[in-house]
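All of the numbers you see were taken from the coordinates with simple rules; none came from a lab. Just so we're clear, the structure is a prediction, and the values are computed from it rather than from any experiment. Cβ coordinates were reconstructed from backbone atoms using ideal geometry, including for glycine residues, and neighbour counts include every protein chain displayed.
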Amino acid sequence: MNRILSDLPMFAPMLYTPADRSDLDLVLGGQRDLGICSVAICLEDAVHPERRQAAAKALCRTMASLKSVPRSIFIRPADVAALEWLIEHLPLEHISGFILPKATVAKIHQWVERSAGLYTLLPILESRETLDSVGRRELAQACAAHPPLIPGARIGANDLFSLLGGLRRPLGRTIYETPVGRVIDELLEAFSAHSVQLCGPVFDRIQDLETLSREVSEDVHRGLHAKTAVTPRQVQTIWESYLPSEQELQEARCILDPDGPAVVGMHGGMLERACHTAWAKRIIRLKRMHRAATPVKLSC
């Protein structure tokens with residue numbers, strides 16, 4: 001049986017790694033310091049098509065040899081046939097779910113059916129439907145139709161850049177300073193209408209942690225859940241960016257105080273219980289998760 005997806009993997013960074021990396025056993029077994037994150041094992045774009053079957057077989061052997069798994073592990077198959085093969089051959093007690101790449105409405109329903117509704121699925125919003133206003137609403141409806149199997153969706157930046165005329169993220173710019181930023185804001189509108197959580201996209205300029213920090217700040221202010229990382233160097237920056245400030249905590253506690261007023265001024269702003277309660281609960285939830293998670297020293 002698969003593990004139920006807890007709050008932490010939704011908020012913690014998801015670190016992507018190819019399934020054919022030579023030290024995958026050390027990564028999955030906890031012998032690599034990765035920071036506080038879940039791990040996504042990619043059998044799609046990160047692995048050459050001719051090597052995917054061999055990589056899948058090696059992944060199954062590696063996972064079968066593990067005595068314990070210290071973090072949440074998600075597997076990203078290339079297609080539904082690969083999903084079915086993995087369900088048949090993987091030690092499923094070690095994984096938290098599967099990642100559905102290039103999600104479409106048809107694929108979402110198909111993967112739910114083929115997985116017999118037993119395994120958590122995380123769709124990646126990176127298909128042409130994601131760029132269409134009607135397609136976005138239909139994707140949101142498809143995700144919302146399968147709770148709790150689909151606890152949220154992740155945004156796929158690089159495929160969206162490619163679909164928007166073969167673009168790539170410019171150096172020194174956050175995604176919100178590119179055409180994909182508009183797409184993200186419209187995805188938030190569509191998915192929020194169905195109470196489906198969205199997670200931020202990958203930042204592939206791996207040496208530029210300053211711009212990454214600015215981008216995660218924009219993610220947080222938009223209500224996106226934690227971001228995808230491509231290197232442990234990014235994990236700590238992302239995780240720390242989701243730690244609420246003391247000012248935010250003070251305001252959240254004031255809003256949630258059952259004996260407090262309906263409206264109060266604090267730190268030069270107005271706090272309104274009727275409007276800000278959901279925000280305040282999210283801030284407290286983030287703080288509790290940061291407190292509960294044990295910091296890990298990174299070795300990159």
statement: Residue span ARG173 to ARG288: 0.36 nm per residue of separation minus Cα-Cα distance leaves a gain in nm of 38.3 nm
- prompt: Alpha carbon centre of the stretch 32-61 versus the stretch 239-298: separation in Å?
  reply: 37
query: Using a Gaussian network for the chain with springs between C-alpha atoms less than 10 Å apart, which of these wobbles most: GLY172, GLY152, GLY265?
result: GLY265
- prompt: Can you tell which of ALA58, ALA19, ALA153 shows the greatest fluctuation in a Gaussian network model of the chain with Cα springs below 10 Å?
  reply: ALA58
- prompt: Expressed in whole Å with the largest first, what are the equivalent ellipsoid semi-axes of the stretch 189-300 derived from the C-alpha gyration tensor as the square root of 5 times each eigenvalue?
  reply: 29, 17, 13
- prompt: In square nanometres, what is one fourth of the surface area of the convex hull spanned by the alpha carbons of the stretch 133-255?
  reply: 8.8
message: Just to verify a number: FRET efficiency for THR231 and LEU66, C-beta to C-beta distance, R0 = 22 Å, to 0.05?
response: 0.45
field: In order through the stretch 108-120: 3J(HN,Hα) via Karplus (6.51 cos²θ - 1.76 cosθ + 1.60), integer Hz, x for Gly, Pro
entry: 4, 5, 5, 5, 4, 5, 5, 8, 6, x, 9, 10, 4
- prompt: On the first, second and third principal axes, largest extent first, how far apart are the outermost C-alpha atoms of the stretch 141-212 in Å?
  reply: 38, 25, 17
task: Could you check the simple spin-label distance between LEU243 and HIS194, using points 7 Å along Cα→Cβ, in nm with one decimal?
output: 3.6
- request: Provide, for the chain, the number of lysine pairs with alpha carbons under 26 Å apart, each pair being eight or more places apart or on different chains.
  value: 10
field: the chain: calculated mean residue ellipticity at 222 nm from DSSP helix runs of at least 4, using -39500 (n - 2.57)
entry: -13500 deg cm²/dmol
- prompt: Which ordering of LEU171, LEU160, LEU243, LEU90 is given by a fewest-first count of other beta-carbon atoms within 10 Å?
  reply: LEU171, LEU243, LEU90, LEU160
message: Compute for the stretch 33-130: radius of gyration divided by Kirkwood radius, i.e. Rg/Rh, restricted to C-alpha atoms, rounded to two decimals.
response: 0.95
message: For ILE75, what residues show an amide H to amide H distance below 5 Å, using hydrogens built from the backbone and excluding near sequence neighbours?
response: ILE41, GLY97, PHE98, ILE99
Sequence-separation-based contact order of the stretch 90-149, relative, with Cα cut under 8 Å and 6+ spacing, percent: 38
message: Per 0.36 nm of contour for each residue apart, how much would the distance between LYS281 and HIS48 grow if the chain were fully extended, relative to their Cα-Cα spacing?
response: 79.5 nm
query: Counting DSSP beta bridges with both partners in the chain, what percentage is antiparallel, nearest 5?
result: 15
